[in-house]
Amino acid sequence: MGINDLYSKRKKLAERGNQPEVYQYTDLPLKFRRQVIHIWLSAIGPYSEPARVIRFVPLVSRLWHAIHDSFARELGLFNLGSEFQNPFEQCKSFLLDQDTPVDHLLDLIEFTFHYIDEDIREILQDYQRQGELEVSQLPEDAISELNHRFREHAIGYQYNNSQIVRVDSGFIHAEVVVPALILLSSQHFKGAEQEFRSAHDHYRKKEYKDAIVDALNAFESTMKTICDECEWSYSKGATAKDLITVVLEEELVPKYLQSHLSALRSVLEAGVPTVRNKTSGHGQGSQPISVPEYLAAYVLHLTASNIVLLVEAYKAIQGDSA
């Protein structure tokens, strides 16, 4: 079941100048919650009342009973909704209730997707039991759609390896990416800001090669802007390595910091530029190069860290000269 590129989505993107929203972690919009329920229905199936005559409970209904009862027990509740609702409707009510804490919403999403990832997958692999399910979406597609919906609504979570994690669990999104965007929002760094936002946008669209290219462009533009503002000369075709040499020779980073951070140059030189050059900066030859998501994420956060360092150092020397 594919993701549709609706007019309203394109309009919303255009209205904010094609600039992606920064991830947030405190709200799961109602639209997102409804989309999760749609995934439940297509990947687990709808609840069916047991036939009274033969007292047969369909497999999907037994799954919803297991999901509801196990989850309610973990939360120390008897019911997730009204006791007169069936288990699916109670899970649905719990997810749609605006008073449900975000952590518990994420708990329920993780819990149900664990069933999709484990139980539904196991049943689908059993030829004799496949007919007992009414699914129109395979587990891997359901998980892929959930992660897409998280990104679509700029919610900073992903379902990976049977659990929901923050997208910055391995990186420092809130402390690095957001400050970088704030620092670049000044008029002087508009070009770098647009390139960094473009890199972020490509990442959210899974265009990882383009994300890395724009990340390096933002890094280079940041250094060029600093050089221009400080009237430091650099060649017309200066590369990232050339620009790094200029800002270090001009002591953008103080000498005493350079001596203590002896690996600073190697970190800057071997970070974003090298990753870009080895993956996206040149022709890919006869074999297409596949850039994994984790590498693109690393480049984005490394870029953000370097931008914060450079712009904060620039602001410091500007303050000293004022």
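Computed from the coordinates by the stated procedures, all read-outs in this text should not be read as laboratory data. Just so it is clear, the model here is predicted, and its values are computed rather than measured. A quick note on method: Cβ atoms are made from the backbone with ideal geometry, for glycine too, and the neighbour counts reach across all protein chains shown.
Worth pointing out:
- Pairs exceeding 22 Å between alpha-carbon atoms, taken from 190/224; 190/255; 209/236; 205/236: 190/255; 209/236; 205/236.
- In Hz, Karplus ³J(HN,Hα) per residue of the range 307-316 (6.51, -1.76, 1.60; θ = phi - 60°; x = Gly, Pro): 5, 4, 4, 5, 5, 5, 5, 4, 4, 5
- For residue 206, a cut-off of 19 angstrom between C-alpha atoms picks up these aspartates and glutamates, skipping any fewer than 8 places away in its own chain: 5, 21, 140, 141, 145, 152, 168, 195, 214, 293.
- Remark on residue 155: its backbone amide H falls under 5 Å from those of 24, a criterion applied only to residues 5 or more positions apart or on other chains, H modelled at 1.01 Å from N.
- Protection proxy ranking of 119-126, 242-249, by the mean of other Cβ atoms within 10 Å over each peptide's residues and highest first, is 242-249, 119-126.
- Estimated vicinal HN-Hα couplings, Hz - the range 58-75 in sequence order (Karplus 6.51, -1.76, 1.60; Gly, Pro = x): x, 4, 4, 5, 5, 4, 5, 4, 5, 4, 4, 5, 5, 5, 4, 4, 4, 8
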